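Single-structure report; data block below.
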Amino acid sequence: MGTTVSIELADERPDLIAAVCAWLHEVDARFSTYKADSEVSRFGRGELRLEDSSADLRQVLEACADLWRDTDGYFDAYASGSLDPSGYVKGWSVEVASQRLAAAGSHDHYINAGGDIRMRGRHPEGGPWRVGIRHPWEADKVSWVLALNDGAVATSGTYERGDHVINPRTGQPAKGLRSVTVVGPDLSIADAYATAALAMGEAGIAWLAKRAADGYDSAVVTDDGRAFSSANLPAAV
């Protein structure tokens, strides 16, 4: 998926880590837009019919359609001109991995896929898991530190990958927000919300504020350095 993944278990279960890695490699093989023979690439070129595709691809496409409606079109898997559901897939794959770990008995774990993080239970040394949200200009500093026992953290920004998020209304790179972090119960949704808000620009701040009622809190830094966070953001004391 074009990024590194780190996995930390409070339990001594290396077999579970191997299973998570196998799942993530399976997702990469199926959904990579960089691989011409991946399922999503073949579907995007019209070489694979929806009815002949995997259950995972059908689920992802349905979720992306739902998110397109929920975000007034700002989460758009076709924003770049071709099918690219990566803004959902990475968070979804880690969410599924976490669910599988929990089902296998690992109730205290932490998975970080390029800044998209799902954690459950307690840190091996006790207490909640702590997550530093990188300062969008100074890589050695953090803007916020979050503390969670169970939840997801997704960050979308322009400071590492440049203008990679497209505003689907204009067809141009999104402007106005430098960094968007969303915290909530499901990483696939948090990831998509962060991408959609970044695409909206400064209008995304007010849109995110309404998501707090559904359990999704946020922290935002604008292009000109202003910072905003929702009231219930789980910031460490």
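The values are calculated or read from the model by the stated rules, or taken from the named source; none is laboratory data. Keep in mind that what you see is a predicted model, and the values were worked out from it rather than measured. Quick reminder, even Gly has a Cβ in these numbers, built from the backbone with ideal geometry, and neighbours come from all protein chains shown. Please note that ligands, DNA and RNA were not included when accessible areas were found on the heavy atoms of the full protein model with its side chains. Shrake-Rupley method; radii C 1.70, N 1.55, O 1.52, S 1.80 Å.
Filtered by the rule that a residue be farther than 26 Å from G225 by Cβ, charged (D, E, K, R) and either in contact (Cβ under 8 Å) with a residue 40 or more places away in the chain or not in a loop (DSSP other than H, G, I, E, B) (or both), the range 108-157 gives D108, R118, R120, R122.
Can you confirm whether the range 54-64 contains a residue that is of a type outside the set (A, V, I, L, M), closer than 13 Å to V165 by Cα and assigned to a helix (DSSP H, G or I)? Steps first, answer last, please.
First, the residues of the range 54-64 that are of a type outside the set (A, V, I, L, M): 54, 56, 58-59, 62, 64.
Now narrow it down to the ones that are closer than 13 Å to V165 by Cα: none.
No: zero hits.
Take the conditions in a loop (DSSP other than H, G, I, E, B) and under 18 Å from A197 (Cβ atoms) and apply them to A36. Does it pass?
Numbers: in a loop (DSSP other than H, G, I, E, B): yes; under 18 Å from A197 (Cβ atoms): no.
No.
Looking at the range 161-232, the strands (runs of 3 or more DSSP E) lying wholly inside it that each contain 2 or more residues that are touching a residue at least 12 places away in the same chain (Cβ under 8 Å) and farther than 23 Å from K90 by Cα sit at 227-229.
Of the residues examined, S143 is not one that is open to solvent by less than 40 Å² (accessible area, probe 1.4 Å) and among the small types (G, A, S).
Candidates E62, E51, E47: the one that is of a type outside the set (K, R), open to solvent by 50 Å² or more (accessible area, probe 1.4 Å) and within 26 Å of Y193 (Cα to Cα) is E62. Restricting to the range 77-107, name every residue that is touching a residue at least 12 places away in the same chain (Cβ under 8 Å), more than 13 Å from the chain's Cα centre (by Cα), surrounded by fewer than 21 Cβ atoms within 10 Å (Cβ to Cβ) and closer than 23 Å to V153 by Cβ. If the condition is that a residue be touching a residue at least 12 places away in the same chain (Cβ under 8 Å), more than 13 Å from the chain's Cα centre (by Cα), surrounded by fewer than 21 Cβ atoms within 10 Å (Cβ to Cβ) and closer than 23 Å to V153 by Cβ, then D84, R100, A102, A104, S106, H107 are the ones that fit. Considering only residues that are surrounded by fewer than 16 Cβ atoms within 10 Å (Cβ to Cβ) and either touching a residue at least 12 places away in the same chain (Cβ under 8 Å) or part of a loop (DSSP other than H, G, I, E, B) (or both), which ones fall in the range 1-20? If the condition is that a residue be surrounded by fewer than 16 Cβ atoms within 10 Å (Cβ to Cβ) and either touching a residue at least 12 places away in the same chain (Cβ under 8 Å) or part of a loop (DSSP other than H, G, I, E, B) (or both), then G2, T3, T4, S6, E8, D11, E12, R13, A19 are the ones that fit.
Every condition in (1) hydrophobic (A, V, I, L, M, F, W, C); (2) surrounded by 18 or more Cβ atoms within 10 Å (Cβ to Cβ); (3) over 19 Å from the mean Cα position of the chain (by Cα) holds for M119 except the one numbered (3). The set of residues in the range 191-237 being among the acidic types (D, E), farther than 15 Å from F75 by Cα and under 19 Å from the mean Cα position of the chain (by Cα) consists of D214, D217. Only one entry in G176, G171, G201, G151 is closer than 27 Å to C64 by Cα and touching a helix residue (DSSP H, G or I) at 6+ places or on another chain (Cβ under 8 Å), namely G176.
Screening G127 against (1) open to solvent by less than 40 Å² (accessible area, probe 1.4 Å); (2) at pLDDT 95 or above leaves a single unmet condition, (2).
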